[in-house]
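The values are calculated or read from the model by the stated rules, or taken from the named source; none is laboratory data. All figures in this text were calculated on a predicted structure; none of them were measured in a lab. As a convention, Cβ positions derive from the backbone with ideal geometry for all residues, glycine included, and neighbour counts pool all protein chains shown. Heads up: the accessible areas ignore ligands, DNA and RNA and are worked out on the full protein's heavy atoms, side chains in. Shrake-Rupley method; radii C 1.70, N 1.55, O 1.52, S 1.80 Å.
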Amino acid sequence: MNSPAVDISAILVLSASASGLTEGRDLFISRMPSIPDAAVAIIDTGGFEPASSTERNEYPTVQVMVRGTINTGYATAYSTMNTIKGVLHKFNNQTINSTLYQGIWASSDIISLGYDKNDRPTLTLNFRIHRTA
């Protein structure tokens, strides 16, 4: 089974409403690179334990980070994050990379982390996942 971040990236790349994101160009797994300015990162953040040691269900969590362009990119970054939230929060009962995603839910609303040292706005949103091998 893939890391949840790998599968979430695949969901976003395949989504018509989030189209335009390309892994390795503006969509990254496990890190936010220094360039490009406008970028999305998906990071595995652990999750919750299964109900029993024999259960095939997993309950991982991921964090999605969106960074905007220098000084003026806040509104665009927020819009991008809102689109990602719309895609993931309603995603359920679909198989991605041989794993059944029974549900993905935003666990908060969009959070601003402020601006990085290069004056680029950064937003984050956490998701909890229920998936089955």
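Details
- 222 nm mean residue ellipticity, helices alone, for the chain (DSSP H n ≥ 4; -39,500 (n - 2.57); rounded to 500): -6500 deg cm²/dmol
- Once the Cα gyration tensor of the chain is diagonalised, semi-axes √(5λ) in Å: 27, 14, 13
- Restricting the trypsin sites (Lys or Arg not before Pro) of the range 14-86 to loop positions (DSSP other than H, G, I, E, B) with no more than 14 neighbouring Cβ atoms within 10 Å leaves Arg25, Arg31, Arg56.
- Residues whose amide H comes within less than 5 Å of that of Phe91, counting only those at least five positions distant or on another chain, are Ile104 (H built at 1.01 Å from N in the peptide plane).
- Asn2-Tyr115 FRET efficiency (beta carbon distance; Förster radius 30 Å; 0.05 resolution): 0.40
- Residues of the chain: accessible area per residue with a 1.4 Å probe, Å²: 51
- The HN-Hα couplings worked out from phi for the range 32-48 by the Karplus form 6.51 cos²θ - 1.76 cosθ + 1.60 (θ = phi - 60°) are 10, x, 6, 9, x, 4, 7, 8, 10, 10, 10, 10, 5, 10, x, x, 10 Hz, whole numbers, x standing for Gly and Pro.
- Shape category assigned to the range 1-48 from the gyration tensor of Cα positions, a/c cut at 1.5: oblate
- Label-to-label distance, Asn71 versus Asn93, with points set 7 angstrom from Cα along the beta-carbon direction: 5.0 nm.
- Accessible area of the chain belonging to carbon and sulfur atoms, whole % at 1.4 Å probe: 51
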